[in-house]
Amino acid sequence: MSLRTSEVCWVPLSDPGFEHLRLRQSEVESEANGAIVRVLDGKALRIGYSIQVDAAWCLRRAEIAIEGGA
């Protein structure tokens, strides 16, 4: 079973921050893990996410964690 990993980072044009995404893919499943960091209304906000799908891209698991912003 081969495993491919891709990573990408980008910054939004609309407000301060960045996003990082790591995508791991095999013949039987794929998993995306990422983090979004932004400053909204002068407050830092971090959103972490993980999404796992099977070979047909049917959702198997999704998690999200939000910190800050309050």
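The values are calculated or read from the model by the stated rules, or taken from the named source; none is laboratory data. The structure presented is a predicted model; accordingly, all values stated were derived computationally and were not measured. A quick note on method: Cβ atoms are made from the backbone with ideal geometry, for glycine too, and the neighbour counts reach across all protein chains shown. With ligands, DNA and RNA removed, areas are computed over all heavy atoms of the protein, side chains included. Shrake-Rupley method; radii C 1.70, N 1.55, O 1.52, S 1.80 Å.
If you scan the range 28-49, which residues turn out to be of a type in the set (A, V, I, L, M, F, W, C), closer than 12 Å to Gly68 by Cα and either open to solvent by 40 Å² or more (accessible area, probe 1.4 Å) or assigned to a loop (DSSP other than H, G, I, E, B) (or both)?
The answer is Val37, Val39, Leu40, Ala44.
So, in the range 2-27, exactly how many residues are in contact with a strand residue (DSSP E or B) (Cβ under 7 Å, 6 or more places away or on another chain) and not in a strand (DSSP E or B)?
At the first step, the residues of the range 2-27 found to be in contact with a strand residue (DSSP E or B) (Cβ under 7 Å, 6 or more places away or on another chain) are 3-11, 15-25.
With the extra rule that they be not in a strand (DSSP E or B), the set shrinks to 3, 11, 15-16.
Qualifying residue count for the region: 4.
Does Val53 satisfy being out of contact with any Cys (no Cβ under 7 Å at 6 or more places or on another chain), part of a strand (DSSP E or B), free of Cβ contacts under 8 Å to residues at least 60 places away in the same chain and open to solvent by less than 50 Å² (accessible area, probe 1.4 Å)? Walk me through how you get there before you give the answer.
On the way: out of contact with any Cys (no Cβ under 7 Å at 6 or more places or on another chain): yes; part of a strand (DSSP E or B): yes; free of Cβ contacts under 8 Å to residues at least 60 places away in the same chain: yes; open to solvent by less than 50 Å² (accessible area, probe 1.4 Å): yes.
For Val53, the condition - out of contact with any Cys (no Cβ under 7 Å at 6 or more places or on another chain), part of a strand (DSSP E or B), free of Cβ contacts under 8 Å to residues at least 60 places away in the same chain and open to solvent by less than 50 Å² (accessible area, probe 1.4 Å) - is met.
Filter the range 9-27 for residues that are within 10 Å of the chain's Cα centre (by Cα) and open to solvent by less than 70 Å² (accessible area, probe 1.4 Å) and give the result.
Residues satisfying the conditions are Glu19, His20, Leu21, Leu23.
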